[in-house]
Amino acid sequence: MQALRIPSDRRARLLEDGLLAINSHSEEVLHGLTHEESQFLIDAGEAAEPGDGAALERRWALALRHEQARMRIALADDEGSADEEFRLRVETRF
């Protein structure tokens with residue numbers, strides 16, 4: 001597995017929040033991003049300076065894609081949970 005270079009305390013928070021995943025290439029990533037994009041976003045978050053305009057724009061675009069992917073996952077999880085709750089209610093009636 002190709003892991004992201006992340007300080008251990010930050011890795012623990014990301015894992016706790018369910019923000020890290022392993023892609024089909026056995027690379028650790030932030031949801032919705034490639035390994036390289038994930039590393040860029042993590043490195044940008046660790047930088048003391050926001051960087052140039054292009055880097056800042058890329059950072060915001062990647063953060064938005066990551067957040068959209070998280071929302072899709074959360075929505076799918078909510079829908080799956082609702083379907084399971086409905087199925088269990090129907091099964092217990094019969």
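The values are calculated or read from the model by the stated rules, or taken from the named source; none is laboratory data. Owing to the predicted nature of the structure, the values given are computational and were not obtained by experimental measurement. Glycine also receives a Cβ, built like all others from the backbone with ideal geometry; neighbour counts cover every protein chain displayed. Please note that ligands, DNA and RNA were not included when accessible areas were found on the heavy atoms of the full protein model with its side chains. Shrake-Rupley method; radii C 1.70, N 1.55, O 1.52, S 1.80 Å.
Below are the figures for this structure:
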| read-out | value |
| --- | --- |
| Cβ pairs under 6 Å, 6+ apart, first in the range 58-81 and within 21 Å of residue 36 (Cα to Cα), second part of a helix (DSSP H, G or I) and open to solvent by less than 90 Å² (accessible area, probe 1.4 Å) | 59/44; 62/37; 62/41 |
| Residue in the range 1-14 that is open to solvent by 20 Å² or more (accessible area, probe 1.4 Å), more than 9 Å from the chain's Cα centre (by Cα) and closer than 21 Å to residue 76 by Cβ present | no |
| Where a residue in the range 8-34 is closer than 18 Å to residue 45 by Cα and its partner, wherever it lies, is of a type in the set (Val, Ile, Thr), with Cβ under 8 Å and at least six apart | 10/42; 14/6; 20/29; 28/22; 29/22; 30/42; 31/73 |
| Filter pass, residue 38 being under 25 Å from residue 1 (Cβ atoms), surrounded by 17 or more Cβ atoms within 10 Å (Cβ to Cβ) and among the hydroxyl-bearing types (Ser, Thr, Tyr) | yes |
